[in-house]
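Remarks on the structure that follows.
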Amino acid sequence: MSLRYKAIPLWEGFLCLLLAVSGQAIAAETGQQLGAARYQQFNKPLLIASLYGPSSPKADAGQMIDGKQPFRLLVAVETDSISPRQFRRLWIEGAAVNLSASQLASATNDLSVFTSSFKGRLQRGDRIVIDYDPTAGTDVSFNGTAIAEQAGANLGPILLRGWVGQVPLSTEFKSSLLESGISDTDLLLALESLPRRASLSAVVPEPDPVAVSEPAAVEVAVAAAPPAPKTATKPAAAPIKPVPTPAAKTKPPVVMAKPAPAPTVTKPEPAPKAAAPAPAVAAKPRPEPKPAPAPVAVEADEEDVIQTAEQLAAEQQFYQKLVREVRHYQTVPFQAFQRQWQDDVRLQVTIDRSGNLQGIEILKPSRYDLFNKQARSAVEKASPFSKIPPELGIKTYTFSVLLDYRLMR
């Protein structure tokens, strides 16, 4: 019997101990763990999510989504970095397709507070924790620091529904996150192995302190440089003055009268030649107002965070319209009916201001290529799409859409 115990790999025992300790630490505060899931884009890990619910009464995902049971949703960044625009899009699109019109209207302000909290790129290991309690409301933290404190009490169920509602990030993500019990130890180990970050760079803008420190250093350097040359020039000029004084005394009696008219040398004084090139150079840069109209800032809109609830509402309504336009051309291939194939595809679509198609990429492909082809065809047929609302103030718009190819009964 003892030999059998010695045959157990050491890493396996360490893994069990690690997961037990981390699980107990969280369970003491949040109850049992329902599941964990990894979300991928372009077949690359993007983030890992873990959902915890009460131990008693038994955790029920449906009750959590409806806001009737407390829960904790932990989201950890697994990729190297995520832009704020890309991260907030996950929540905005999820809410737009999983909430009714009335629910979305009442949740717009809370979503705006939450999404506008992210102002910089999220890095590997960053953690967002969403705690919800029906009696106490919603608390959100980023790397241990509270954020979105102005959001309403029902923000938690809104965010959870956006990811695991009727139209989830993906069917695999939803089933893994909501299933009872955890069997994927590799995923939990990946979650625990992510670095623990304390940086708030994603929620606190850092350009201000950097900009202040740089000019301050430059001013000091410039201020320190001039005093040194000024003191050096003054003493040099002092000895030169006494030298011409005695020479001037000897010259006036005889020669100074004749050379006096020689101030014709003053002709070079009007040598504005030095001044001439200066205005010429200044005149050329004057027509530099060209950069003023340069709409380069517009290109950064994809990274900017929409601050107002009005802009967020406009974006959500626009996104819903785009999804309807794509799904209008979605069909289940006949071969899928014959072979009972079922799967889903998530596409990323980019359009210009006029709604013309600029690009299609498959974020999450299907294992059946005929679904991938049909999804692309649906997007191509839906083009041109509706025009980008002027309230968004952007030249291009990128969105994702999930096409679910499940056999209807």
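For labels at Arg367 and Gln342 in the simple 7 Å Cα→Cβ model, what's the distance in nm?
Result: 1.4 nm between the two label points.
Grab the other residues whose beta carbon is less than 15 angstrom from that of Gln63, score K and R as +1, D and E as -1, and report the net. Present the calculation step by step, with values, prior to reporting the outcome.
Working: positive: Lys58, Lys68, Arg72, Arg161; negative: Asp60, Asp66, Asp133.
Taking every Cβ under 15 Å from that of Gln63, the sum is +1.
Using R₀ = 30 Å, calculate the FRET efficiency as 1/(1 + (r/R₀)^6) where r is the Cβ-Cβ separation of Arg196 and Lys395; round to 0.05.
0.15
Would you please name the chymotrypsin sites (Phe, Trp or Tyr not before Pro) within the stretch 107-195 that are DSSP coil residues with at most 15 other C-beta atoms within 10 Å of their C-beta? Show your work: numbers first, answer last.
Working: sites: Phe114, Phe118, Tyr132, Phe142, Trp163, Phe173; in loops: Phe118.
Within the stretch 107-195, no chymotrypsin sites (Phe, Trp or Tyr not before Pro) qualify (loop, at most 15 other Cβ atoms within 10 Å).
Taking 0.36 nm per intervening residue step and subtracting the Cα-Cα distance, what contour gain separates Asp66 from Phe334 on full extension? Don't skip to the answer; put the middle values down first.
Values: separation 268, 0.36 × 268 = 96.48 nm, distance 3.68 nm.
Taking Asp66 through Phe334 to full extension adds about 92.8 nm, to one decimal.
Stretched out fully, how many nm does the piece from Ser102 to Ala136 gain, at 0.36 nm a residue minus the Cα gap?
9.9 nm
Using the structure shown, list the pairs from Lys68/Lys387; Lys321/Lys395; Lys364/Lys387; Lys321/Lys364; Lys58/Lys119; Lys119/Lys373 with a Cα-Cα distance above 29 Å, or answer none. Let's see the in-between values first.
Numbers: Lys68/Lys387 40 Å; Lys321/Lys395 18 Å; Lys364/Lys387 26 Å; Lys321/Lys364 22 Å; Lys58/Lys119 38 Å; Lys119/Lys373 36 Å.
With Cα atoms farther than 29 Å apart: Lys68/Lys387; Lys58/Lys119; Lys119/Lys373.
Can you tally the net charge around Ala76? Count Lys and Arg as +1, Asp and Glu as -1, for every other residue whose Cβ sits under 12 Å from the Cβ of Ala76. Before the final figure, lay out the partial values.
On the way: positive: Arg38, Arg124, Arg127, Arg196, Arg197; negative: Glu78, Asp126, Glu192.
Overall, the nearby charge balance is +2.
Give me the net charge for the shell around Ala375: Cβ to Cβ below 15 angstrom, other residues only, Lys and Arg +1, Asp and Glu -1.
Details: positive: Arg327, Arg346, Lys364, Arg367, Lys373, Arg376, Lys381, Arg406; negative: Glu325, Asp343, Asp344, Glu361, Asp369, Glu380, Asp404.
Charge balance in the 15 Å sphere: +1.
For the stretch 324-409, list log₁₀ I(q)/I(0) at each q in 0.24 Å⁻¹, using the Debye formula over Cα point scatterers of equal strength and ignoring solvent, two decimals each.
Evaluating at q = 0.24 Å⁻¹ gives log10 I(q)/I(0) of -1.12.
Largest first and in whole Å, what are the equivalent-ellipsoid semi-axes of the stretch 51-101 based on the Cα gyration tensor, each being the root of 5 times an eigenvalue? Mind showing how you got there, number by number?
On the way: eigenvalues 135, 60, 6 Å².
Those come to 26, 17, 6 Å.
Express in whole angstrom the spacing between the alpha-carbon centres of the stretch 145-166 and the stretch 339-409.
Distance between centres, Cα-based: 26 Å.
The numbers here are math on the coordinates, done by the rules we state, and not lab data. Source: prediction; values computed, not measured. Cβ sites come from the backbone with ideal geometry, for glycine too, and all protein chains shown count toward neighbours.
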